[in-house]
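A.B. asks: Sharing a structure, written as structure tokens. Questions coming.
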Amino acid sequence: MTITTNHHFLITCSVLGTVLDIEGGFKRDKRHTALPLKQLVIWELKPIEMMPRKNSNKHYFTRMSTKKKVHAFVRVRPTDDFAHKMIRYGDDNKTIDIHLEKDTRRGVVNNQQTDWSFKVDGVLHDASQDLVYETVAKDLVSQALDGYNGTIMCYGQTGAGKTYTMTGTTENYKHRGILPRALQQVFRMIEERPTHAITVRVSYLEIYNESLFDLLSTLPYVGPSVTPVTIVENPQGVFIKGLSVHLTSQEEDAFSLLFEGETNRIIASHTLNKNSSRSHCIFTIYLEAHSRTLSDEKYITSKINLVDLAGSERLGKSGSEGRILKEATYINKSLSFLEQAIIALGDQKRDHIPFRQCKLTHALKDSLGGNCNMVLVTNIYGEAAQVEETLSSLRFASRMQMVATEPAINEKYDAERMVKNLEKELALLKQELAIHDSLANRPLVNYDPMDEIQIAEINSQVRRYLEGTLDEIDIISLRQIQEVFNQFRVVLSQQEQEVESSLRRKYTLIDKNDFAAISAVQKAGLMDADGHLVGEPDGQGFGLGVVPFSTKPGRKSRSRKTMKEQISSLARKEGASSPVSGKDVDISTSKTQLTSFSKDGDVKDMLLRDRETSNIETLPSDSPKEEPRPPRPSTPPPKPVAFEDFKNERGSEINRIFKENKSILNERRKRASETTQRINAIKREIDVTKEGLNFQKSLREKQGEYEKKGLIIIDEEEFLLILKLKDLKKQYRMEYQDLRDLRAEIQYCQHLVDQCRHRLLTEFDIWYNESFFIPEDMQVALKTGSSIRPGMMPVSRIVSLGEDDQDKFSQLQQTMLPEGPDSISFYNAKVKTEQKHSYLKTTMGLQQTHRK
Ligand code: ADP
Ligand code: MG
């Protein structure tokens, strides 16, 4: 069954476990020889239920069952002279093989192809009009009533039976074609669907020599068309402007229209000297179905295009002149454009389909492939004389089979019905809301869009809320919430503008991206080449015209620093760890720079506020009385010496607070120690009193007890002792409570002191390294970086803090008391040894660093 030559392409695909070879007889070209695997899937064929009996009238296909591809059928015109040798059908009536005799004139060496095999959806040989309709059109028409577009096309050479297949004979009912049968089926199905209001319209278009003709324009109510029929595209699709579309309510009317068109076709071919076989005719049935039962705004539309194409025979150019030549050119062109469009449709990779190249493809734009059901009937002669044309028609069919379709329902929305439905629903929901409001005892809420007055009221509410004069804004409705947010935005943007304009009144703002302005400022000497304002070595835009603090001591320099402190303190609050200054606060990223110096008053205010709110964690690190730095010594001073300097200079503020906290701590400790001593004294007295009591008791027992009504009678001395013991115990408890409170306080103070000490030492560390180790140029570079600086060393253990010894002693007193006074000297010795060791260790480390 499969004959391959070098001019063939061969595709093998599996169908229900059987392997079929599909061949198309078209010219070898890249696209068709290298079909990707994906495309094979599209080619997958499913067998149609049929009885494989040839040449009998009762046979074959019961239904189309394949989807998503164009169905191709071959109808052979009956003949007494069937070319059995050249045309053969497969047993399943789905293959048609063509065999040509070798053309002997071409010589001995002859690579001419002689055999072709075509796989189609069915070969209709000697098939009745009835069977043809059943096989080809029935399902398509039925699906059109469900909203699927459908196109049936007849292709073939003149006289092969296209018109017979499509229209049939108008005289003989039995021989009526697809067209009248389709109309009948439509009306019959409408009768079967009383639940739907289905309207039927028809139009009949003829395309002749690239001109469009309305075959139904002769009807009296249509009247002569003023404008020529043209193809128009709109978002809904393609439609033919000027083509009359006729509403038909019954079968008979539809038939009349069909006959009218047919008559016009014939008359035109006589009077206008038109050859009807040289024109394409498109009969369209438009359907629109609205549900009668549901008030659904959805409805479906569809159309059935029944296309009788012009004869596909190659019209010999030689010898043809005038009208014939013109016709030949147009037909050949339009059919080859149709073929191009079909090839493009069959190629998954192509997204542009050349529909607009000719009227035929343009008019059929939304009816070829795409979302519609498509059937092609290839009409062929059975005679040997026509076998070349037959071959060419079959090739067209095989190309058509490559077109994938994805039939889809055309659902539309009835805007009018939709609006009505929505209005109804809206009214219902409003009633529902009103009920809810009255149940919830809410005052009458208006859910309509807000007017200007209401919006203005919300605006004022928002302003009052922001000012603090209004505590909360009551939520009334969703619309109101939305408007509140809206007004927040309005107020915010107004405030932004106000802030900017007030800034502009006070400062000159330069946009960092405005290079012209920057260069002007630079020229005026107000800014250095790096875009930093004069007086700002690190580019932090404060204090235009203020010389660096290191060279000019005094009020302004101090202001500037306190400003930095402010920033630094802020940064620390936000988790930055550097305690020194605002070096790690990058404000140079802000879009504008302030090029005017703030008034000192502002800074003072800020400083004061800062002081008020600052605790130990936000210690200002700079000494307010910092003097210009003296030149750096060649060898760094010993750390203990340097530390004393540091405590008097930069670290003085921390040191002050540290000392303050420590004195509080010491005072508390002293009190605690006193309390402890008192407790001990009370304890001792309690013990003495207890002993005395015991002695009195034993004495009483020896002397013999006095008893009165079961009560022991004691003497006055014993009684006084008992009272004293009771009193002592009370005192003991009170003192003990005091001690507990004091201890908690001490613990807290200790924590503060520790933190303070740590800060003091860290600051000292940084100061020491910066002052004596890190080169000054490097320091400048580091200023822009992070808070972690090189050379930081833990010195917490190397420096004796002096006062701390006393400190530790008191601490020991607290913890060691239970172990007795002897333990104190032990722990004291231990602490001193530890101090000495760490001092030696650190000094060695420092010497090493220094050597490096
Ligand atoms: P086409 O439209 O392709 O040019 P027609 O449909 O006009 O061809 O057919 C040419 C002639 O052949 C017509 O007289 C038609 O009645 C006849 N004919 C074509 N096919 C059949 C068929 N299957 N059975 C009977 N007559 C046919
Ligand atoms: Mg015809």
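The values are calculated or read from the model by the stated rules, or taken from the named source; none is laboratory data. Since we're looking at a predicted model, the values are computed, not measured. Here Cβ is always computed from backbone atoms with ideal geometry, including for glycine, and neighbour counts include all displayed protein chains.
A.B. asks: Kindly indicate whether G261 is crowded, with 17+ Cβ neighbours inside 10 Å and part of a loop (DSSP other than H, G, I, E, B).
C.D. replies: Details: crowded, with 17+ Cβ neighbours inside 10 Å: yes; part of a loop (DSSP other than H, G, I, E, B): no.
No, not satisfied.
A.B. asks: In region 156-179, which residues are near ligand 1 (Cβ under 9 Å from one of its atoms) and not in a loop (DSSP other than H, G, I, E, B)?
C.D. replies: G156, K162, T163, Y164, T165, M166, G168
A.B. asks: Another question, if that's okay. Taking the conditions exactly as written (in a loop (DSSP other than H, G, I, E, B) and at pLDDT 85 or above), does L429 satisfy them or not?
C.D. replies: Against the criterion (in a loop (DSSP other than H, G, I, E, B) and at pLDDT 85 or above), L429 does not qualify.
A.B. asks: Can you find even one residue in region 180-191 that is within 16 Å of ligand 1 (Cβ to nearest atom) and assigned to a helix (DSSP H, G or I)?
C.D. replies: Yes, region 180-191 contains a residue that is within 16 Å of ligand 1 (Cβ to nearest atom) and assigned to a helix (DSSP H, G or I).
A.B. asks: Answer yes if at least one residue in region 115-125 is surrounded by fewer than 21 Cβ atoms within 10 Å (Cβ to Cβ), within 16 Å of ligand 2 (Cβ to nearest atom) and more than 20 Å from P407 (Cβ to Cβ), and no otherwise.
C.D. replies: no
A.B. asks: Specify which of the listed residues (E644, E617, E660) is closer than 30 Å to Q747 by Cα, at pLDDT below 85, acidic (D, E) and part of a helix (DSSP H, G or I).
C.D. replies: On the way: E644 fails: at pLDDT below 85; E660 fails: at pLDDT below 85.
Of E644, E617, E660, the one residue that is closer than 30 Å to Q747 by Cα, at pLDDT below 85, acidic (D, E) and part of a helix (DSSP H, G or I) is E617.
A.B. asks: Next up: Just to check your reading of the model, which residue among L219, L124, L215 is over 30 Å from K94 (Cβ atoms), within 16 Å of ligand 1 (Cβ to nearest atom) and more than 52 Å from the chain's Cα centre (by Cα)?
C.D. replies: So the residue among L219, L124, L215 that is over 30 Å from K94 (Cβ atoms), within 16 Å of ligand 1 (Cβ to nearest atom) and more than 52 Å from the chain's Cα centre (by Cα) is L215.
A.B. asks: Something else about it: Output yes when any residue across region 143-156 is farther than 17 Å from Q401 by Cα, within 58 Å of the chain's Cα centre (by Cα) and among the β-branched types (V, I, T), and no when none is.
C.D. replies: The answer is no, given that none of the residues of region 143-156 is farther than 17 Å from Q401 by Cα, within 58 Å of the chain's Cα centre (by Cα) and among the β-branched types (V, I, T).
Yes/no matrix, rows are residues, columns are (1) polar (S, T, N, Q); (2) closer than 30 Å to L426 by Cα:
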{"residue": "D451", "(1), (2)": "no, yes"}
{"residue": "Q454", "(1), (2)": "yes, yes"}
{"residue": "I458", "(1), (2)": "no, yes"}
{"residue": "E472", "(1), (2)": "no, no"}
{"residue": "E483", "(1), (2)": "no, yes"}
{"residue": "L492", "(1), (2)": "no, no"}
{"residue": "E496", "(1), (2)": "no, no"}
{"residue": "R504", "(1), (2)": "no, no"}
{"residue": "K512", "(1), (2)": "no, no"}
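A.B. asks: Which condition number does T405 fail, the rest of (1) at pLDDT 85 or above; (2) closer than 30 Å to V375 by Cβ being met?
C.D. replies: Failing condition for T405: (1).
A.B. asks: I'd like to know if region 719-729 contains one or more residues that are acidic (D, E) and either outside any helix (DSSP H, G or I) or touching a residue at least 24 places away in the same chain (Cβ under 8 Å) (or both).
C.D. replies: No, region 719-729 contains no residue that is acidic (D, E) and either outside any helix (DSSP H, G or I) or touching a residue at least 24 places away in the same chain (Cβ under 8 Å) (or both).
A.B. asks: Considering region 306-351 alone, what residues qualify as being at pLDDT 80 or above and within 16 Å of ligand 2 (Cβ to nearest atom)?
C.D. replies: Answer for region 306-351, where residues must be at pLDDT 80 or above and within 16 Å of ligand 2 (Cβ to nearest atom): L306, V307, D308, L309, A310, G311, S312, E313, S334, L335.
A.B. asks: Next up: Given the residues N410, N371, which is the only one that is surrounded by fewer than 19 Cβ atoms within 10 Å (Cβ to Cβ) and of a type in the set (S, T, N, Q)?
C.D. replies: Just a single option satisfies the conditions, and that option is N371.
A.B. asks: Is there a residue in region 100-111 that is more than 30 Å from T301 (Cα to Cα), touching an Asp or Glu at 6+ places or on another chain (Cβ under 8 Å) and at pLDDT 50 or above?
C.D. replies: Within region 100-111 (the criterion being more than 30 Å from T301 (Cα to Cα), touching an Asp or Glu at 6+ places or on another chain (Cβ under 8 Å) and at pLDDT 50 or above), the answer is yes, since at least one residue qualifies.
A.B. asks: Would it be correct to say that R669 is closer than 30 Å to W767 by Cα and either of a type in the set (K, R) or at pLDDT 90 or above (or both)?
C.D. replies: Answer is no for this residue.
A.B. asks: Still on this model: Using the structure shown, decide if Y148 is surrounded by 17 or more Cβ atoms within 10 Å (Cβ to Cβ), away from ligand 2 (no atom under 16 Å from the Cβ), aromatic (F, W, Y) and under 22 Å from H71 (Cα atoms).
C.D. replies: Against the criterion (surrounded by 17 or more Cβ atoms within 10 Å (Cβ to Cβ), away from ligand 2 (no atom under 16 Å from the Cβ), aromatic (F, W, Y) and under 22 Å from H71 (Cα atoms)), Y148 qualifies.
A.B. asks: Still on this structure, please answer the following. Being within 14 Å of ligand 2 (Cβ to nearest atom) and either buried (at least 21 other Cβ atoms within 10 Å of the Cβ) or among the aromatic types (F, W, Y) (or both) is the filter here, so list the residues in region 164-188 that pass it. Write out each step before concluding.
C.D. replies: Kept after step one, since they are within 14 Å of ligand 2 (Cβ to nearest atom), are these residues of region 164-188: 164-170, 177-179.
If the condition is that a residue be within 14 Å of ligand 2 (Cβ to nearest atom) and either buried (at least 21 other Cβ atoms within 10 Å of the Cβ) or among the aromatic types (F, W, Y) (or both), then Y164, T165, M166, T167, G168, G177, I178, L179 are the ones that fit.
A.B. asks: I've got another one for you. Against the definition (over 25 Å from L294 (Cβ atoms), out of contact with any Lys or Arg (no Cβ under 7 Å at 6 or more places or on another chain), among the aliphatic types (A, V, I, L, M) and within 10 Å of ligand 1 (Cβ to nearest atom)), how does M153 come out, yes or no?
C.D. replies: No, not satisfied.
A.B. asks: Any idea which residue in region 300-317 is nearest to ligand 1 (Cβ to nearest atom), counting only those that are surrounded by 19 or more Cβ atoms within 10 Å (Cβ to Cβ) and within 44 Å of the chain's Cα centre (by Cα)?
C.D. replies: Selected residue: N305.
A.B. asks: Follow-up question, since we're still on this one. Could you tell me whether any residue of region 363-382 is part of a strand (DSSP E or B) and within 35 Å of the chain's Cα centre (by Cα)?
C.D. replies: No, the conditions are met nowhere in region 363-382.
A.B. asks: Check region 690-713 and report whether any residue there is at pLDDT 85 or above, of a type outside the set (F, W, Y) and touching a Lys or Arg at 6+ places or on another chain (Cβ under 8 Å).
C.D. replies: For region 690-713, residues at pLDDT 85 or above, of a type outside the set (F, W, Y) and touching a Lys or Arg at 6+ places or on another chain (Cβ under 8 Å): absent.
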